[in-house]
Amino acid sequence: MSPLRIGIAGPVGSGKTALVEALCKALRDQYEIAVVTNDIYTQEDAQFLVRSGALSRDRIRGVETGGCPHTAIREDASINLSAIEALEQEFQLDLVFVESGGDNLAATFSPELVDITIYVIDVAGGDKIPRKGGPGITKSDLLVINKIDLAPHVGASLAVMERDTKVMRNEKPFIFTNLKAANLGAAAGLEQIQAFIVGCMPSP
């Protein structure tokens, strides 16, 4: 059976890598996991995940996309598909996280590459972000609104963000998080994200 492939996208600095790290640490005892990260010219995110102990080095692949990170997850996903195939040959995987390169609200994954998409935004950008829309906001399977601890410092209203997110996403789920706290051992929305992922896993 093929592993569930989860695409994780969002703007630079929103917390994509922090989410991947937290999910790997939370789920690795129950599931066989691997990660493919996309960076434009480096493998910085992959190296961070190795250093943080999210997974063993051999379960993490860093893909360098060059100047067009959109293309590597959408129009021509071959470099990512090859990385996933190599991981599948090495491990009996249940779950693969594919982290996009830092991007804007228009990022989308090819359905050939991932089964579901989690899109990460953060409160530091202000409470106007959800109502700006874009495919990441409106069409992702799960929207994660991160860094809720910063709301009082940047004058952002979580109530406004919640209201606008409900309008933009209709019935699609969203979760408020503080992933920095999650990686220090506090839940901060992480358990809800785990439950969402587990609910998407195919029945054995």
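Could you give every pair whose Cβ atoms fall below 6 Å, whose first residue belongs to the range 91-119 and is within 24 Å of LEU27 (Cα to Cα) and hydroxyl-bearing (Ser, Thr, Tyr), and whose second residue is at pLDDT below 95 and surrounded by 19 or more Cβ atoms within 10 Å (Cβ to Cβ), counting only separations of at least 6 or pairs across chains?
Note: pairs meeting the criteria are SER100/ALA9; SER100/ASN38; SER100/ILE73; SER100/ALA107; THR117/PHE109; TYR119/ALA9; TYR119/GLY10; TYR119/GLY136.
For the range 64-72, does any single residue satisfy the condition of being surrounded by fewer than 21 Cβ atoms within 10 Å (Cβ to Cβ), on the phi < 0 side of the Ramachandran plot and touching a Gly at 6+ places or on another chain (Cβ under 6 Å)?
The answer is yes; a qualifying residue exists.
If ILE175 satisfies all but one of (1) surrounded by 15 or more Cβ atoms within 10 Å (Cβ to Cβ); (2) in contact with a Pro (Cβ under 8 Å, 6 or more places away or on another chain), what's the number of the condition it fails?
With respect to (1) surrounded by 15 or more Cβ atoms within 10 Å (Cβ to Cβ); (2) in contact with a Pro (Cβ under 8 Å, 6 or more places away or on another chain), ILE175 is out only on (2).
Would you confirm, using the coordinates I've provided, whether GLY199 is without any contact (Cβ under 8 Å) to a residue 24 or more places away in the chain, assigned to a helix (DSSP H, G or I) and on the phi < 0 side of the Ramachandran plot?
yes
Out of the residues in the range 130-150 that are touching an Asp or Glu at 6+ places or on another chain (Cβ under 8 Å) and of a type in the set (A, V, I, L, M, F, W, C), state the one that is nearest to ILE73 (Cα to Cα).
If we take residues in the range 130-150 being touching an Asp or Glu at 6+ places or on another chain (Cβ under 8 Å) and of a type in the set (A, V, I, L, M, F, W, C), then ILE145 is nearest to ILE73 (Cα to Cα).
When only residues in the range 1-44 that are touching a Gly at 6+ places or on another chain (Cβ under 7 Å) and surrounded by 24 or more Cβ atoms within 10 Å (Cβ to Cβ) count, which is farthest from LEU87 (Cα to Cα)?
If we take residues in the range 1-44 being touching a Gly at 6+ places or on another chain (Cβ under 7 Å) and surrounded by 24 or more Cβ atoms within 10 Å (Cβ to Cβ), then GLY10 is farthest from LEU87 (Cα to Cα).
Are any residues in the range 1-57 β-branched (Val, Ile, Thr) and assigned to a loop (DSSP other than H, G, I, E, B), and if so, which ones?
Listed by number, the residues that qualify are VAL12, ILE40, THR42.
Would you confirm whether any residue within the range 152-169 is under 28 Å from ARG61 (Cβ atoms) and surrounded by 15 or more Cβ atoms within 10 Å (Cβ to Cβ)?
Scanning the range 152-169 turns up no residue that is under 28 Å from ARG61 (Cβ atoms) and surrounded by 15 or more Cβ atoms within 10 Å (Cβ to Cβ).
With respect to the numbered conditions (1) out of contact with any strand residue (DSSP E or B) (no Cβ under 8 Å at 6 or more places or on another chain); (2) more than 25 Å from LYS25 (Cα to Cα), which one is the sole condition not fulfilled by THR165?
(1)
The values are calculated or read from the model by the stated rules, or taken from the named source; none is laboratory data. Keep in mind that this is a model prediction, so the values were computed, not measured. With ideal geometry, Cβ positions are generated from the backbone for all residues, glycine too; neighbour counts draw on all protein chains shown.
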